[in-house]
1. List pairs: first residue in the range B:30-53 and away from DNA strand D (no atom under 11 Å from the Cβ), second residue part of a strand (DSSP E or B) anywhere in the structure, Cβ distance under 6 angstrom, at least six positions apart or on different chains.
2. In the range B:81-108, what residues are farther than 18 Å from B:K58 by Cα and touching a residue at least 40 places away in the same chain (Cβ under 8 Å)?
3. Report the residue count in the range A:54-80 for those that are away from DNA strand D (no atom under 13 Å from the Cβ), in contact (Cβ under 8 Å) with a residue 24 or more places away in the chain and over 11 Å from the mean Cα position of the chain (by Cα).
4. Report, by residue number, each residue of the range B:63-85 that is of a type outside the set (A, V, I, L, M) and either touching a Phe, Trp or Tyr at 6+ places or on another chain (Cβ under 8 Å) or within 10 Å of B:Y35 (Cβ to Cβ) (or both).
5. Could you list, in sequence order, the residues of the range B:23-66 that are within 11 Å of DNA strand C (Cβ to nearest atom) and of a type in the set (G, A, S)?
6. Does the range A:73-105 hold any residues that are small (G, A, S) and more than 10 Å from DNA strand C (Cβ to nearest atom), and which are they?
Protein chains: 2
Amino acid sequence: MYTMKECTVYKTIDMIGKKWTLLILLELYKGQEKYKRFNEIKNGLQDITPKVLSGRLKEMEKIELVQKNVDSSFVPIKSEYALTKKGEELLCVVQEMKRWGLKWKMGNKECGLTTCKECVL
Amino acid sequence: MYTMKECTVYKTIDMIGKKWTLLILLELYKGQEKYKRFNEIKNGLQDITPKVLSGRLKEMEKIELVQKNVDSSFVPIKSEYALTKKGEELLCVVQEMKRWGLKWKMGNKECGLTTCKECVL
DNA sequence: TTTCATAGTATACATTTGGAAACTTACTAG
DNA sequence: CTAGTAAGTTTCCAAATGTATACTATGAAA
């Protein structure tokens, strides 16, 4: 018999539906550099606490949305995070959210690009 | 100064990011009838409790994703829910999730249609 | 020697969600 | 009178999640 848990959408939401996950994804996408450091992400997402960010990044690494590189030859140690292909392809979900959010105005002006790497809105 | 809370994506996730919201949306979309009754939705989403469903439907009505009609001439009372235009247009987000979920296989076979109104996967 | 920075971890606590189960109201059917 | 149904509500509890604050290691700089 059919169960909810077999539903693709259900499974997907289960993977990416937690608070911050998609916002971290978007933050990693922004800017011109592929890799971002822990504190860069943290500062971009102002309200996130290191505990939560650290937790989410680990989950995201595990399900292969994010790839982590550690360079311990640096002092202080240098950790970098980037989107994987799988993670990058999730951006279309974020873009649809943005498109929808802009259309059903929530006080924001449209920058014109749902795929803009620069604007913050 | 710029705050996270002004971000369109952030605001959108805040509105629709809670557990069950998108699944209820999808459930309302399924089938041939525009309107669905409380217990139909509940049965479609097996694991949802009436408390949670009731709560989500109210939130969704408030932000105008869902339209509710009550016909109290019926016995027992008849409540029906349908997607609004605003709600319907959120389905593209769900569709992108489905597309992504199918591409990065999670054990499901593709039905071929991300917009299928019938299949459960 | 004290301070600073990075990239977190640890601890304690508060708040938010969600879930299970029983209960409610109104009317109808047997 | 009892049972049943629809559409929830209520209560209580557990788990997930978030927050604040402090702390860690390492080495460089002042």
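1. B:K34/B:A82
2. B:L91, B:V93, B:V94, B:M97 - these are the residues of the range B:81-108 that are farther than 18 Å from B:K58 by Cα and touching a residue at least 40 places away in the same chain (Cβ under 8 Å).
3. Looking only at that region, the number is 3.
4. Answer for the range B:63-85, where residues must be of a type outside the set (A, V, I, L, M) and either touching a Phe, Trp or Tyr at 6+ places or on another chain (Cβ under 8 Å) or within 10 Å of B:Y35 (Cβ to Cβ) (or both): B:Q67, B:K68, B:N69, B:K78, B:S79, B:E80, B:Y81.
5. Result: B:S54, B:G55.
6. The answer is A:S73, A:A82, A:G87, A:G101.
Values in this text are rule-based calculations from the coordinates and carry no lab data. Just so you know, these numbers come straight off a predicted model, no measurement behind them. When we count neighbours, we look across all protein chains shown, and the Cβ atoms used for this are built from the backbone with ideal geometry, even at glycine.
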